[in-house]
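Structure first, then comments.
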Amino acid sequence: MIKVGQINHLEVVKKADFGVFLDAGDYGTVLLPNRHVPEGTQVGGYIDAFLYFDSDSQLVATTETPIAQVGEWGLMKIQGVNATGAFADWGIKEKDLLIPFSEQRVRFSEGQNVLVYVYTDKASGRIVGTTKFNKLLDKTPANYKQNQQVDLIIAERSDLGYKAIVEGLHWGMIFTSDVFGKLFVGKKLKGYIKSVREDGKIDLSLQKIGVSKMDDLSQKVLDLLKKKGGFLPLNDKSSPEDIFAAFRTSKGTFKKTIGGLYKQGKIVIEKEGIRLS
């Protein structure tokens, strides 16, 4: 099934001096201009092409990859504003993405970077963007378990920490006390469910919590030690940045973990790092 606003695997059905024509199913054929045609393309072959409607409502194909397809979020830079709305660079050179004024939580200005959700407007059939995420999220119960790993997108910063989109379905919060490493709006990363409150609000963590967190990290430390010949230049004196780069965890958790491994006799803590016993 052909999906406009997404990348499709399309058959080449005809070649012309100015490009190739692709089979777009019920939409007929669509031209892929020469500048986008991969070298060696032949009739009968297949090309992964992104489909969208141009300003004249004509179906267009490109091999450029958008920052976000229909149904996805992406961080985009505002290129300009007119009486219709703001226009964002979504990775397609020939066409910016319209964010109508009615779909903006705040008014944007040229040069801003904003997180945008891309969708197809049912009334007009146009591919547009929105920053009004509340109408998209928390429409179903948050049936998550503690320590369940989830996909996160950092959506905004607040006085409490960072609001994140959980699995593309719900709002969640990473409180300042649970933040480590570099977070910024638009960043996609893995996280863990810390708790789901009675009111349905979700608290998030960037690492597992409780005993399971320690056990998981202990095994990662031991595995990396074995891989590195029995020594790692990391210990309780290392910087939070170096520890995060190696294990994606906080310094506090790392210190407790290697302390536990030391007590179990599995490692030796030295001045320059840790070593397998």
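The values are calculated or read from the model by the stated rules, or taken from the named source; none is laboratory data. What you see is a predicted model, and the numbers here were worked out from it, not measured in a lab. So basically every Cβ, Gly included, is an ideal-geometry build from the backbone, and we count neighbours across all protein chains shown. What goes into the accessible areas is simple: the full protein's heavy atoms, side chains included, and nothing from ligands, DNA or RNA. Shrake-Rupley method; radii C 1.70, N 1.55, O 1.52, S 1.80 Å.
Below is a table of values for the structure above.
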| read-out | value |
| --- | --- |
| Pairs, first open to solvent by 30 Å² or more (accessible area, probe 1.4 Å) in the range 4-32, second assigned to a strand (DSSP E or B) and among the hydroxyl-bearing types (Ser, Thr, Tyr), C-beta under 8 Å, six or more apart | HIS9/TYR46; GLU11/TYR46; VAL13/THR29; LYS14/THR29; PHE21/THR29; ASP23/THR29 |
| TRP171, sole failed condition from (1) under 30 Å from VAL4 (Cα atoms); (2) aromatic (Phe, Trp, Tyr); (3) assigned to a loop (DSSP other than H, G, I, E, B) | (3) |
| Contacts under 7 angstrom Cβ, first residue in the range 218-235 being hydroxyl-bearing (Ser, Thr, Tyr), partner in a helix (DSSP H, G or I) and open to solvent by less than 20 Å² (accessible area, probe 1.4 Å), 6 or more apart | SER218/THR257; SER218/LEU261 |
| Matching residues in the range 144-154 - criterion: being without any contact (Cβ under 8 Å) to a residue 60 or more places away in the chain, under 19 Å from the mean Cα position of the chain (by Cα) and open to solvent by 10 Å² or more (accessible area, probe 1.4 Å) | GLN148, GLN149, ASP151 |
| Of the criteria (1) at pLDDT below 95; (2) of a type outside the set (A, V, I, L, M); (3) open to solvent by 20 Å² or more (accessible area, probe 1.4 Å); (4) over 18 Å from GLY260 (Cβ atoms), which one GLY210 fails | (4) |
| Residue list for the range 225-262, restricted to those being within 27 Å of the chain's Cα centre (by Cα), in a helix (DSSP H, G or I) and not small (Gly, Ala, Ser) | PRO240, GLU241, ASP242, ILE243, PHE244, PHE247, LYS251, THR253, PHE254 |
| Selection count, the range 156-194, where residues are open to solvent by less than 10 Å² (accessible area, probe 1.4 Å) and in contact (Cβ under 8 Å) with a residue 60 or more places away in the chain | 1 |
| In the range 104-143, residue surrounded by the most Cβ atoms within 10 Å (Cβ to Cβ) [restricted to those that are of a type in the set (Phe, Trp, Tyr) and under 20 Å from the mean Cα position of the chain (by Cα)] | TYR117 |
| Residue among GLY71, GLY40 that alone is in a loop (DSSP other than H, G, I, E, B), at positive phi and under 21 Å from the mean Cα position of the chain (by Cα) | GLY71 |
| Residue match in the range 235-249 (condition: open to solvent by 40 Å² or more (accessible area, probe 1.4 Å) and aliphatic (A, V, I, L, M)) | yes |
| Some residue of the range 61-84 being at pLDDT below 95, out of contact with any strand residue (DSSP E or B) (no Cβ under 9 Å at 6 or more places or on another chain) and more than 28 Å from LEU136 (Cα to Cα) | no |
| Which listed residue, of ASP56, ASP48, is outside any strand (DSSP E or B) and of a type outside the set (Gly, Ala, Ser) | ASP56 |
| Subset of the range 62-103 [farther than 15 Å from VAL4 by Cβ, open to solvent by less than 30 Å² (accessible area, probe 1.4 Å) and among the hydroxyl-bearing types (Ser, Thr, Tyr)] | none |
| Pair list, Cβ < 7 Å and 6+ apart or interchain, from the range 52-73 residues that are over 17 Å from LYS188 (Cβ atoms) to residues that are of a type in the set (S, T, N, Q) and in a loop (DSSP other than H, G, I, E, B) | VAL70/GLN6 |
| Single residue of LYS194, LYS220, LYS201, LYS188 found to be more than 19 Å from LEU152 (Cβ to Cβ), of a type in the set (D, E, K, R) and modelled with pLDDT of 85 or more | LYS220 |
